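The block underneath contains the structure these notes are about, expressed in structure tokens.
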């Protein structure tokens, strides 16, 4: 499926960035949950996905509230499922991804700080698993806000085929 993607891991010991906040629980196997870089050989199509956002998990809550969508972990799971559906529509899967960009809003429950640990916990359920052993080059950014005030997460992705 993704044999044409070159995946370049961080060195096993003490890479220059150190363990990322919220990712230390994922280092039990000695591998970080993301890559140093991913490369796509010439001639491969790059597919750029628009932002994917979480679905409503509590229809009884106000449609522009965090309660309608859940915390960062819940929203990340939902947004990754939405991304998975989009990948499948194009005949792709998570193993085709080369880059993932997470836009995270500061959670009021955390004093306005993004929930990096919640994001990473959800991410670890989709990447570096038995079902999808592949990792992607990824970036987490804290942003002031997203289109819906209830969203804490929006994901952009790039895939290759």
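In region 76-83, the condition of being modelled with pLDDT under 95 and in contact with a helix residue (DSSP H, G or I) (Cβ under 8 Å, 6 or more places away or on another chain) is met by no residue.
As a summary of the residue check, residue 86 satisfies the conditions (1) surrounded by fewer than 18 Cβ atoms within 10 Å (Cβ to Cβ); (2) in contact with a helix residue (DSSP H, G or I) (Cβ under 8 Å, 6 or more places away or on another chain) except for the one numbered (2).
Restricting attention to region 64-80, the residues being farther than 21 Å from residue 141 by Cβ and in a helix (DSSP H, G or I) number 2. Whenever a residue of region 132-147 is closer than 12 Å to residue 113 by Cα, it has no partner that is modelled with pLDDT under 95 lying with C-beta atoms less than 7 angstrom away and at least six residues away or across chains.
The values are calculated or read from the model by the stated rules, or taken from the named source; none is laboratory data. Computed from a predicted structure; not experimentally measured. Methodologically, a virtual Cβ is constructed for each residue, glycine included, from the backbone with ideal geometry; neighbour enumeration extends over all protein chains shown.
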